[in-house]
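> Supplied in structure tokens, the structure appears directly below.
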Amino acid sequence: MTTRRHFMRASAAGLFGAALVSRAQAASLPEAPLMDKPDMAPPLAPPNGRPYNPVATLNGWTLPWRMKDGWKEFHLVAEPVRRQMAPGMTAQLWGYNGQSPGPTIECVEGDKVRIFVTNKLPEHTTIHWHGILLPNGMDGVGGLTQPQIPVGKTFVYEFQMKKSGTFMYHPHADEMVQMAMGMMGFLVVHPKDPGFMRVDRDFVFLINAYDVDPGSYTPRVNTMTDFNLWSWNSRVFPGIDHLAVRKGDRVRIRIGNLTMTNHPIHLHGYDFEVTGTDGGWVPKSARWPEVTTDVAVGQMRAIEFTANEPGDWAFHCHKSHHTMNAMGHNVPTMIGVDHRDVARKIIKLVPDYMVMGERGMADMGEMEMPIPDNTLPMMTGQGQFGPIEMGGMFSVVKVREGLARNDYKDPGWYKHPAGTVASAWSGPPPQAERVAPDVNAGVDLRVRKPGAHGNH
Ligand SMILES: [Cu+2]
């Protein structure tokens, strides 16, 4: 993390010039820390104020604050950023304080917060505090509840946190462009009583999506639904942090969806309960067990489970094209077609032409294909048994014995106890050879209509 002290000193006069800062007028602006790395920062233990158990932001960090006369003061700077989406691919996005998503904001039920927002984008912006109960004029809807924050100016939002829970922030100004460019962040309000809804590990991330043409850096902002990079906190597999968990821990994962479609989020090896939404905590009597929970557009879900089964458990969106990286959408299905001869002719004209999938697409996971610069393979990532054949919204919950309390480092691949891994059959072959059916023979095109009421 670096600081902006130089920038702040140079431009403080300009920021105050227009009298846009309301009650905090005369005071100096708090520092706006800057993050230059896409790695998960260790959870930020609160240095002052009410105690709480901090969250771990996948590939992210928590914004430090300062206490001033009983207020927690934060400073967000909306600005263009460079975000590494996975090793080998960087996107030119918009975000806050050096990254997209912006830093996670953490505070406690009852806290009075003052959030300064400086606009260093090339156009106006606002911030809406999704799910927070607050005075109407602090709701951040440009034109409706406040004037837009002009380029180069700083606005201040002030409100008291009435309830604990899972929230997020994003612009309510030129929304389609600003969210397609990556402007969003997580907001967690911890309970006043640290024993309420207590967990040992509390992970957070936002679901987002981009449309970046292979070989380019800037998302197409007019894309409505056909995105090609399906990301968690603006990262795609294998760039998404693993979730390291100590065996026996009570685990919460909080997820918010700011894409234009729903995401059925699926965890292997466990059943879990949805214990919270952006509307509040779910009472025990209203919970039921799940292994997949759909997170609709503009929704947040907190899921919880007790990590009693060690292993490397896949955790992903269940829409299979969301566990893929950038690909051409108009590729015909070629399963069963031997098109190598045609491909050889095309490659003479189009050197980068990819021959895809006459045996399925699994080859894509291991093939070294020529792809444009700044473009990720469609599916990638290597596990201890071979290629994982995933991209996009995929990560691994790694449950291990004896991790230290605050240890979120990748513990490596799971060492399976002997005899507990699916393996090749090595017994004697069956007595009679099985004849495979000829799937192309006698395709039956006759239409059978149900008889009137004959069969009941
Ligand atoms: Cu999805």
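The values are calculated or read from the model by the stated rules, or taken from the named source; none is laboratory data. All values derive from a computational prediction rather than experimental measurement. A quick note on method: Cβ atoms are made from the backbone with ideal geometry, for glycine too, and the neighbour counts reach across all protein chains shown. Heads up: the accessible areas ignore ligands, DNA and RNA and are worked out on the full protein's heavy atoms, side chains in. Shrake-Rupley method; radii C 1.70, N 1.55, O 1.52, S 1.80 Å.
> Are any residues in segment 257-292 under 30 Å from Met183 (Cβ atoms), open to solvent by 10 Å² or more (accessible area, probe 1.4 Å) and part of a strand (DSSP E or B), and if so, which ones?
Result: Pro264, His266, Val274, Thr277, Gly280, Trp281, Thr292.
> I'd like to verify a number: residues in segment 115-129 that are in contact (Cβ under 8 Å) with a residue 60 or more places away in the chain and surrounded by fewer than 22 Cβ atoms within 10 Å (Cβ to Cβ), how many?
Residues that pass the stated criteria total 1.
> Another question, then. Between Gly427, Gly381, which is among the small types (Gly, Ala, Ser), open to solvent by less than 100 Å² (accessible area, probe 1.4 Å) and either over 30 Å from His321 (Cβ atoms) or modelled with pLDDT of 85 or more (or both)?
Gly427 is the lone residue from the list that is among the small types (Gly, Ala, Ser), open to solvent by less than 100 Å² (accessible area, probe 1.4 Å) and either over 30 Å from His321 (Cβ atoms) or modelled with pLDDT of 85 or more (or both).
> Related question: Need a quick list: strands (runs of 3 or more DSSP E) entirely within segment 189-256 having at least 3 residues that are within 14 Å of the ligand (Cβ to nearest atom) and farther than 23 Å from Gly311 by Cβ.
Numbers: elements: 201-210, 229-232, 243-246.
Per the criteria, 201-210, 229-232.
> Given the conditions (1) more than 20 Å from Val397 (Cβ to Cβ); (2) among the aliphatic types (A, V, I, L, M); (3) open to solvent by 20 Å² or more (accessible area, probe 1.4 Å), and given that Leu229 satisfies all but one, which numbered condition is not satisfied?
(3)
> Mind checking which residues of segment 396-423 are of a type in the set (Ser, Thr, Tyr) and either open to solvent by less than 50 Å² (accessible area, probe 1.4 Å) or not in a loop (DSSP other than H, G, I, E, B) (or both)?
Selection gives Tyr408, Tyr414.
> Is there a residue in segment 169-182 that is farther than 30 Å from Gly391 by Cα, open to solvent by less than 20 Å² (accessible area, probe 1.4 Å) and not in a helix (DSSP H, G or I)?
There is at least one residue in segment 169-182 that is farther than 30 Å from Gly391 by Cα, open to solvent by less than 20 Å² (accessible area, probe 1.4 Å) and not in a helix (DSSP H, G or I).
> Being in contact with a Pro (Cβ under 9 Å, 6 or more places away or on another chain) and modelled with pLDDT of 90 or more narrows it down to one residue among Glu401, Glu366; which is it?
Within the list Glu401, Glu366, the selection yields Glu401.
> Here is a further query. What number of residues within segment 134-168 are in a loop (DSSP other than H, G, I, E, B) and open to solvent by less than 30 Å² (accessible area, probe 1.4 Å)?
5
> Tally the residues that are surrounded by fewer than 23 Cβ atoms within 10 Å (Cβ to Cβ) and in contact (Cβ under 8 Å) with a residue 40 or more places away in the chain, restricting the search to segment 183-200. Spell out the reasoning first.
Going through segment 183-200, the residues surrounded by fewer than 23 Cβ atoms within 10 Å (Cβ to Cβ) turn out to be 191-200.
Adding the requirement that they be in contact (Cβ under 8 Å) with a residue 40 or more places away in the chain leaves 191-192, 194, 197-200.
Total satisfying the criteria: 7.
> Sticking with this one: Would you mention how many residues in segment 296-320 are within 16 Å of the ligand (Cβ to nearest atom), of a type in the set (Val, Ile, Thr) and surrounded by fewer than 20 Cβ atoms within 10 Å (Cβ to Cβ)?
1
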